[in-house]
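What follows is calculated from the coordinates using simple rules that are stated; it is not laboratory data. None of these values were measured; they are calculated from a predicted model. Backbone-built Cβ (ideal geometry, glycine too); neighbour counts: all protein chains shown.
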Amino acid sequence: MKRVVVFMLALLLTFGLGNMAAAKTEIEWHVWGTAAYLADWEKYIDMFEASQDQITVKLVNVTGSQSEHLMILLAAGKAPDLAMVNWVGYRPNWFMGLNDFIERDQSFRVSDHFPNAIDGFTYQGEIWALPFHFGGIITYYNATMFNETGVNAPDPNWTLADFEQISRKLNKDTNGDNKIDIYGYAMGNLHREHWFYRHGVQLFSDDGTEAIPDVNKAAELFAYLQNLANSGIIAPTLSGSREEFYAGNKVAMIDEGPWALSDIKNNAKFDWGVVPIPQGNVRATLLFLDGNAIPAGAPHPEAAWEFLKFLSSEELAPLWIQTKGAPSTVKRAAGTYLKMYGDIPGINAVLDAVQYGYPLPKAINYDLVRYPVLVPVLRQVLANTISPIQAATDLKVKFNEQLAGWREQFK
């Protein structure tokens, strides 16, 4: 009998404990990105898996709407372990709060990251995601056009009054028909919220229940923009794309994020630089954030937390910079960013934006109102086909209609 027991123990030690040691937890990381991004993220996974032997990661690329993708999975009880996000405040019930993880884990320090980056994923006192990089809207300028016109490059502390003078001087009528062919500045089709922020116009109340709380203040902004367009200081259309900019003969200044640096660097055939957007009533710009969150109902939240920490670590920061072209939210990685992009005049503007930037509204699914509502209203304002007060009123009404429909769908 003793021999049988000894034999069984030997089998257990040989196979049972061996299998226990070999058992690993597989987590799913849902992302969205290009083939190049995915290839880089697979390398991140390889690094993480090489650093420990308990967790493996499966990368899942999301196509289509991120919100709808998560909504469907959560409704079906099939939440992934980790999801890439860009803002989460409007759907905190979709994610697990991270405060408890952070308090229990001494290896992660919130203070390693820029405060505004953490705040962008904080809602009602709870941190819902960890950021890995940020991008504030800055002004790109065609230095060759500036030199040819005899205009000095913008000062980092320039104001809207400075902007108006500079933009007017850069306008050009190239064929003598008394019409502007090259504008000093054109507002982009993608990024416009910084105009609201620096004028002190609140798009939504803090709790997301009311759009455009101060209609009169929004009307003042629209009147200002309409006057700029009517005076030829800015283009009367939303044509300030990076493609228009690096064409070299369309527009002298546009507002874009740091993700455009590599694209413009590779395509522009002229000298150029970057500078903070001109100061308005308040020092502000639009701050984009990317991060990762643990969805509610994640099968392996503890394992997901370990990978989540790694993705937002100082170790991985240089790789995020290489992949995305935007700065890391880790403070100590700023030097790495400057080494990579330090040859671009004014590059510190990119890093400084995190100090005074404001993220997109937290309390709502902003994409559902950003493109179908805000863009058409701004087009009307610049084309002078609507009064400023009517534009502000329409924006408020349409925002609220979209919000009501969204809440009904996603509640």
| note | Expressed in angstrom and rounded, the centroid-to-centroid distance over alpha carbons for segment 261-283 and segment 38-68 is 32
| remark: Yeah, segment 273-411 with a ≥ b ≥ c from its alpha-carbon gyration tensor (a/c under 1.5 is rounded, else prolate when a/b outruns b/c, oblate otherwise) is oblate
| said: Exceeding 28 Å between C-alpha atoms, which entries from my cross-link table qualify? They are K169/K339; K24/K309; K179/K396; K58/K309; K309/K339; K179/K398. | reply: K169/K339; K179/K396; K179/K398
| request: Quote the relative contact order of the chain in percent (integer), defining contacts as alpha-carbon pairs under 8 Å separated by 6+ residues. | output: 25
| request: Give the Debye-formula value of log10 I(q)/I(0) at each listed q (0.08, 0.09, 0.10 Å⁻¹), with one equal scatterer per alpha carbon of the chain, two decimals each. | output: -0.50, -0.61, -0.74
| query | What ranking do 167-178, 250-261 get when scored by the average of other Cβ atoms within 10 Å per residue, highest first? | reply | 250-261, 167-178
